[in-house]
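Below: the structure, in structure tokens.
We did not get these values from a lab; they are worked out from the coordinates using the rules stated. Here the structure is a predicted model, which is why all the values come from computation and not from measurement. All Cβ positions, glycine included, derive from the backbone under ideal geometry; neighbour counts span all protein chains shown.
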Amino acid sequence: MLRTLLQIERSFYADRQEVAPLLKEREAFLEHLLRQGTSPAAARGVSWQMLNVIRLLQLTELRDVGIDEIKEAAQRWERQQRSNSFAHSYKHSASFFIYVAKKWLRFAGVLKQPAIPRTRFADQIDEFVKWVRKKGGCQR
């Protein structure tokens, strides 16, 4: 199905995609991108990067993945690209890795979101809200 979905003509690339882990999950995400208007060429680029995401995050099945783990994997990917004489450019390789990983894992429902830190005056605001409610100034 990926051959048709991504309009892949060369067997080597299609075979590589079809034997990689999480085929159904990748297909579902790529179909989603195409339905949203992503071009087949752009979807192919995402699909190749998804293979790197799988490899560097050591995914054999979907699991919860945090942002820090994605960033560490992206740094490893960038280092690999820098040492690859065939890589034309590594300038944006880490950011594209992060973009694809976050977008795919969020779609799959396994991207762990970091806790939102409390603001500087959160405790004081909470106390003020309690005081206002106690005095009857707020009907909540």
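Observations on the structure shown:
- Highest GNM mean-square fluctuation among 61, 25, 127, for the chain modelled with Cα contacts below 10 Å: 127.
- Per-residue [θ]222 nm for the chain (sum of -39500 (n - 2.57) over DSSP H runs n ≥ 4, rounded to 500): -20500 deg cm²/dmol
- With Cα atoms defining each centre, segment 13-47 and segment 57-84 are spaced 18 Å apart in the structure.
- Selected from 122, 14, 101 as most flexible by GNM, with the chain as the system and alpha-carbon contacts under 10 Å: 122
- Size descriptors for the chain (Cα atoms only): Rg and Dmax, in that order, 21.5, 73 Å.
- Put in line by how crowded their Cβ is, counting other Cβ atoms within 10 Å and starting with the fewest, 50, 1 read 1, 50.
- Potential extension, residue 120-residue 106 segment - 0.36 nm per residue separation minus Cα distance: 2.2 nm
- Considering only 19, 129, 46, the Gaussian network model of the chain with Cα springs below 10 Å gives its largest mean-square fluctuation to 129.
- Residues 22, 51, 30 in ascending order of nearby Cβ atoms (within 10 Å, fewest first): 51, 22, 30.
- Where Cα atoms sit under 21 Å apart: lysine pairs in segment 2-135 separated by 8 or more or lying on different chains: 10
- Dipole of the chain [Lys/Arg +1, Asp/Glu -1 at C-beta], most positive-end residue of 101, 70, 124: 124
- Separation in nanometres of the label points that stand 7 Å from Cα toward Cβ, at residue 64 and residue 1: 2.8 nm
- With neighbour counts taken as other beta-carbon atoms within 10 Å, the residues 77, 48, 104 rank, fewest first, as 48, 77, 104.
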